[in-house]
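Please treat every number below as a calculation from the coordinates, not as lab data. Bear in mind that the values here come from a model prediction, so they are computed numbers and not experimental data. All Cβ positions, glycine included, derive from the backbone under ideal geometry; neighbour counts span all protein chains shown.
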Amino acid sequence: MTLVLKNLQTCVKLNMQQIGKDTNIIRRLMEIDKVDVSVLFVSDYYITKLNESFRKAEGPTDVLAFPVLEIAEPGSLPSASLNEEDNLGLGDIFLGTAYIQRQCESHGDDFNTVVMATITHGFHHLIGYDHETERQQQLMVKIEGSILESFNKLTGYQCKPLTVVGH
Amino acid sequence: MLKSALTTLCKLHGRHALCQQLRDTSVVQRVQSIHATSCLQVLDKDSPGKKSAKKLREEESEIAAPPDVDLPLQDFKMESMFPSLETHSMLINGVRYDELPIIHIKATHNNTIITVTNGKGDPIAMESAGTVGFRNARKGTNIAAQAAAISLAEKAIKNGVELARICVRGIGPGRLPAIKGLQMSGITAVSITDNTRLPFNGSRPKKQRRL
C-alpha cells in the first residue's frame, strides 16, 4: 500500500510531489496499488556501486530493479498477503537520475517523460517481466505500451516504452 | 557435463550473467568467484559481516582443520571463507551444519521481514517491522529492523535456537541492523549469506541520428 519515494541525490532538481502523483497513477493502472513498492532517486556514484557489485557491469545505468518475489508467470501476483500489519512487498527500484538527464540531453527528450517511462519499466520488472529474449521483449513492450497509453491520456505526457533486447 | 551442471547451479543462484563472464576460467576458480560477490562488504563500510566471517574462520580452524595437514595460507583462507562440499557435514557444537536453523532476512526499503526456519526450511517464527508496531514508511527504517530482530530473537531462543545460519535478501536499510540485533540478543551467526536476486536493468538504445 505504501509507496516509498526518496530523493537521495542533489545533482538534479526534482519535483517530488509531481513525480509521486504520477507514480501513483501508474500504480493504479497496473493494479499494484495494494502492495508495497519503493522508488529511489540516487546519484551516479551510488548506482555505479550497485551495478558493479550486483551485476558485475561497469559504469552507471538508468534503472536497477531489485525484485523480492520470485514470479514464474509474468504479471501474476500471489494473492495471499502476509498478515494484517504487513502488505506484500514487491521490491526496490533505483534510478540513476544524472545518467537519465544526460541521456535526455543527448537525445533531446523531456526529462520528466523519460523518468515516468523508466519507473513504469522498473515496475514491470518487479512483477516478473523480463527482456532477455526477443519474445519476452515484445511482450514487455506491448504491456508497457498499453499502460503508458492510458497514462498519457490521463495526464497529457507523451511516454513511450523503453525498448532493448538483452541486458 | 560438470560445466552444464555448474551453469544450472549458477542460474539457480541468480548469477548467470556472472557465469557467462567467467566461462573461460577453470571450474574451481569459477565456483570461488561466484561466492565471492561480497555485496555486504561493498555497500557497508563498518560491516559486521567482515567481523563474523573472521570469527567463523577462527571457529572453523578450531573445529574443522585437522592439525597434521599444513595448508597454504591463501588456500586455507579461501576454503574457510566460502562453503565447500565438506561444509555440510561440518560439526558446530555437535550439530551438523546443514541441520542448523536458518534465519532469513528480507530487507526492502518498505519493510524488513525476518523468519526463523529449521534446517529443512519449515518456519518456526516470523517477525517483521510491521508486527512490532511501526507503520507505513517508518517500517523500512533501520531502527524498525533492529526492533524486529530483537523481538524475533526472543521467540527463537524460546524455541532453542542459539546457533544459526543467516541469509540476507534485498538491499534495504535494515539488512545490517537486523543482523546486529540478532547478535545483540544472543544468537550466534555461524554463516552469513547474501541471497539478493540479480537485479534487472533497463537501458535504452541509442537513438538513430536524423540526417
*Could you work out, residue by residue across A:88-95, how many beta carbons of other chains sit within 10 Å of that residue's beta carbon, and then give the average as an integer?*
6
*Give, in whole angstrom and from largest to smallest, the semi-axes √(5λ) of the equivalent ellipsoid of the range B:102-211, with λ running over the eigenvalues of the Cα gyration tensor.*
34, 16, 11
*Can you tell me which of A:119-128, A:52-61, A:150-159 comes out highest on packing, and rank the rest after it, using the mean Cβ neighbours within 10 Å?*
A:119-128, A:52-61, A:150-159
*Could you rank the peptides B:133-141, A:63-71, B:107-115 by their average count of other C-beta atoms within 10 Å per residue, with the highest value first?*
B:107-115, A:63-71, B:133-141
*Using amide H atoms built 1.01 Å from N in the peptide plane, name the residues 5+ places from B:Gly172, or on other chains, whose amide H lies under 5 Å from its own.*
B:Ala107, B:Thr108
*How large is ³J(HN,Hα), in whole Hz, for each residue of the range A:124-131 in order, when computed from phi with the Karplus curve 6.51 cos²θ - 1.76 cosθ + 1.60 and θ = phi - 60°, using x for Gly and Pro?*
5, 5, 5, 9, x, 7, 9, 9
*Go through A:Lys142/B:Lys139; A:Lys6/B:Lys106; B:Lys155/B:Lys180 and tell me which ones have a Cα-Cα distance over 25 Å in this structure.*
A:Lys142/B:Lys139
*List every residue whose amide H lies under 5 Å from the amide H of B:Gly202, counting only residues 5 or more places away in sequence or on a different chain, with H placed 1.01 Å from N in the peptide plane.*
A:Asp62, A:Val63
*Whole Å is fine, so just give me how far the alpha carbon centre of the range A:110-150 lies from that of the range B:100-159.*
33
